[in-house]
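Student: Please read through the structure below; I'll follow up with questions.
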Amino acid sequence: MHISSAIFDCSAPDLDSCPDESLPEFAFIGRSNVGKSSLLNTLAGKDGLARVSTTPGFTKLINIFTMNKTWRLVDLPGYGFAEGAKKDSARFNHAVSHYLKERTNLCLVFALIDSGLEPQEMDVEFVEWLARNAVPFVLVFTKIDKVTSATVQANIAAFTARIAAGFEKLPAIFTCSATTEHGRQELLGVIDEQMTAIQAGLGQTTVSPDGLPDPAGEVPKTSKRRPDRSRPW
């Protein structure tokens, strides 16, 4: 996939403030300081698209960007510094929980894990929460340039061992580095495959908000119900 345009759409404090559901969305989330903003800038090929901060937990709002005028990239707040979250929210922002469970045009979540760390309880809890709530996701281990390959593989193995009992089939796993751009094409390829599936499912036509074909449209629109495609797990 080639990124020809990446435009900031809005910063939403909650689900009701998000844009309409006319475009497929792909959300990125991880524990604070996992390198999410740097990765998003690398994927978009545009420095400064997502603001990079040295302060963990800087992202507080749901930041949405329109990519290639056909899909949206969603930058979700990190879940490591949320305060007062209820047990079932796995210690992350309530607005994020609502978005992940209720956003009908959310196609896939990229759950980011720091490859240099042994399994962190917050990450394990969050991944289990995604599975429990039937949110489609893949795992992305970040910052692989910061540690040895052996450490990366050991931490991935340890993490998958922690979550294996809750899955009939483990989620797809990717590795990446915002510094070297390792994994960029693979992650964009996942999005490209999802977009191709959406277009094929719509018969190359668009769908109006009432669910009827819209021959005048130019971009694929999702239905009001989350697409029933095969889950990554």
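Student: Could you name every one of the strands (runs of 3 or more DSSP E) located completely within region 1-99 that has at least 2 residues being modelled with pLDDT of 90 or more and more than 29 Å from I144 (Cα to Cα)?
Tutor: Filter on region 1-99 gives 6-12.
Student: Which condition number in (1) modelled with pLDDT under 95; (2) more than 29 Å from N93 (Cα to Cα) is the one that T180 fails?
Tutor: Result: T180 passes all but (1).
Student: Among the residues of region 145-163, which ones are surrounded by 15 or more Cβ atoms within 10 Å (Cβ to Cβ) and hydroxyl-bearing (S, T, Y)?
Tutor: Listed by number, the residues that qualify are T151, T160.
Student: So, in region 132-144, of the ones that are of a type outside the set (V, I, T) and surrounded by 16 or more Cβ atoms within 10 Å (Cβ to Cβ), which residue ends up nearest to E181 (Cα to Cα)?
Tutor: Selected residue: K143.
Student: So, one more: Pull out all pairs, ordered by first then second residue, where Cβ-Cβ is under 6 Å, the residues are six or more apart or on different chains, the first lies in region 105-121 and is under 24 Å from E21 (Cβ atoms) and touching a residue at least 60 places away in the same chain (Cβ under 8 Å), and the second is in a strand (DSSP E or B) and among the acidic types (D, E).
Tutor: Pairs found: N105/E25; L106/E25.
Student: Restricting the search to region 171-196, which residues are hydrophobic (A, V, I, L, M, F, W, C) and surrounded by 15 or more Cβ atoms within 10 Å (Cβ to Cβ)?
Tutor: Within region 171-196, F174, C176, A178, L187, L188, V190, I191, M195 meet the criteria.
The values are calculated or read from the model by the stated rules, or taken from the named source; none is laboratory data. Note that the coordinates shown come from a computational prediction; the quantities given were computed from them, not determined experimentally. Cβ atoms come from the backbone with ideal geometry, glycine included; neighbour counts cover every protein chain shown.
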